[in-house]
Structures are given as structure tokens and as C-alpha cells.
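Notes to accompany the following structure.
The values are calculated or read from the model by the stated rules, or taken from the named source; none is laboratory data. Nothing here was measured: the structure is a model prediction, and the numbers come from that model. Here the Cβ positions follow ideal geometry from the backbone for every residue, glycine too, while neighbour counts run over all protein chains shown. When the accessible area is computed, the model is the full protein with side chains, heavy atoms only, and any ligands, DNA or RNA have been set aside. Shrake-Rupley method; radii C 1.70, N 1.55, O 1.52, S 1.80 Å.
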Amino acid sequence: MSKIKALIESKKHVYIHNDLGNCTYYFKNRFDAWRDEEGISLEIMAGLTMLAFTIEARMNFLGSKLLKDWNEKNALKDKAKKLSNHLGLEANFGQEPFSTLKLLKEFRDCLAHGKPLVQDELKEVVATHEELEQFKTLEAGWEKFVTVEFFNLAYEHTKQIWEELLEAAQIEVFETVTHGEIHMTFLAHVDE
């Protein structure tokens, strides 16, 4: 069998924040078109998780590009502050859009560091029949985030933060997209 001797030079820039962003965009489109309530909370959980991963990966992309002492293991809040300070922006976690990041991180941490919730409670209530039907005993703290409304808010706020950071860093979107190239130079046919 004849073989070819070749010199291959390749460059690749694989940016995970693109794949995560595509995933969150996919979920957003599904939620916008959703007509059936069955299973939507599971989809929202997945979408919110991917959204939390996306914003952190985006900050890691910018931090590694802009700052020599960047540490991707730092807390999200610290990363946002460090990047914002470097770019002359303010990351105020007491107001939107950064307050939403804090909630998104809280949701993500509840799932990532999941632990059992054991709670025994006995209480007497006075309520209407409708109010009693709304009483939920099995709801965990993170479930308050599992709504289309919160997903859409978090999606828009993380998008706003990303766009503001890119603008301040003077980085065009196309510079953040996964890309690469490969060049081959055929040197000779090699017979065995």
C-alpha cells in the first residue's frame, strides 16, 4: 500500500463558551415555542444549568485573553468584578443585570452541590380550598428558579453582560468564535 509523507501544520481555537451558548439558545427557542406543560421544568433546569456554565465560560475566555493572572477557579462574582474593573465597568451585584448572575449562580450551586433536604414540619393553617391546593410540600429551594420567566430574564441579562464586556474589551464577536486552520504540504509518495 502506498503512503504519503506530509508535513501538517494546524492551529485550533476551541472556545467552549460557544457550544454552551448554542445550547442555551436552543433551550430559549424551545421555551418560546413550548405548548405543553409536561416536562418543561426539566428542560428549564437543563437550560439554566447551561446558561450558568455559559456565562462563566465566557468570563474565563475574556479573563484568559485580557489578564495574565487569570484564575478560572475563582468564584464567579470575583471573576465578574475583576473583569469589570479591568475594563472600567462596574459589576454591581445589588442591581440588574449582575443581581441575576447571583441568582443564577445560587441555582447552579444548588444542583452542583446537591444534598438531601430533610425537613419535618407540622403546622396549622387557615386557607381557602384554592390556597390549600397550591400548598407544595415537596418543593426544594432551587425550584423557585425553574420558570420560563426566570430563564428568559437570566438569558437576557447574561447576554447583556457579555455584550458590555466585549464592547469594553474592544473584542469583536467573530474573535470569540471557535476556529482553526490546517495546512498540508505533500512531501513525497512512500512505497512500502
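What 222 nm value per residue comes from the helices of the chain, counting each DSSP H run with n ≥ 4 as -39,500 (n - 2.57) and dividing by all residues, nearest 500 deg cm²/dmol?
Result for the chain, helices only: -17000 deg cm²/dmol.
From the square roots a ≥ b ≥ c of the eigenvalues of the alpha-carbon gyration tensor of the range 1-110, which class results: rounded (a/c under 1.5), prolate (a/b over b/c), or oblate?
oblate
May I ask you to give the solvent-accessible area per residue for the range 1-156, in square angstrom, as obtained with a 1.4 angstrom probe?
In whole numbers, the range 1-156 has 69 Å² accessible per residue.
Using +1 on the beta carbon of Lys and Arg, -1 on that of Asp and Glu, and nothing else charged, what's the dipole of the chain about the Cα centre, debye to 20?
Once rounded to the nearest 20, the dipole reads 1020 debye.
Assign unit charges at the C-beta atoms only (+1 for Lys and Arg, -1 for Asp and Glu), then state the dipole size of the range 47-103 relative to its Cα centre in Debye, rounded to the nearest 20.
120 debye
When only Cα pairs under 8 Å and 6 or more residues apart are kept, what is the percent relative contact order across the range 1-149?
Across the range 1-149, relative contact order equals 22 percent.
Find the relative contact order for the range 61-192 and round it to a whole percent, using C-alpha pairs within less than 8 Å whose residues are 6+ positions apart.
27 percent
If every alpha-carbon in the chain counts as one equal scatterer, what log10 I(q)/I(0) does Debye give at q = 0.10, 0.17 1/Å?
For the chain at q = 0.10, 0.17 Å⁻¹, log10 I(q)/I(0) is -0.58, -1.14.
Just add up the charged neighbours of VAL173: K/R +1, D/E -1, any other residue whose Cβ is under 12 Å from the Cβ of VAL173.
-2
Taking Cα centroids, how far is the range 154-183 from the range 12-50 in Å?
Cα centres, the range 154-183 to the range 12-50: 18 Å.
I'd like the carbon and sulfur percentage of the solvent accessible area for the range 55-148, probe radius 1.4 Å, heavy atoms only, ligands and nucleic acids excluded.
Solvent-exposed carbon and sulfur of the range 55-148 make up 48 percent of the total.
How far is helix 76-86 tilted, in degrees, relative to the longest principal axis of the Cα atoms in the chain, given as a value from 0 to 90 rounded to the nearest 10?
60 degrees
Of the listed peptides 64-72, 165-173, what is their order by residue-averaged count of other C-beta atoms within 10 Å, with the highest listed first?
Highest-to-lowest ranking by the protection proxy: 165-173, 64-72.
I'd like to compare 48-60, 73-85: which one has the highest average count of other Cβ atoms within 10 Å, and what's the full order after that?
Output ranking for 48-60, 73-85: 48-60, 73-85.
Output the peptides 123-133, 24-34, 152-162 sorted from most to least packed, where packing is the average of other Cβ atoms within 10 Å over each peptide's residues.
152-162, 24-34, 123-133
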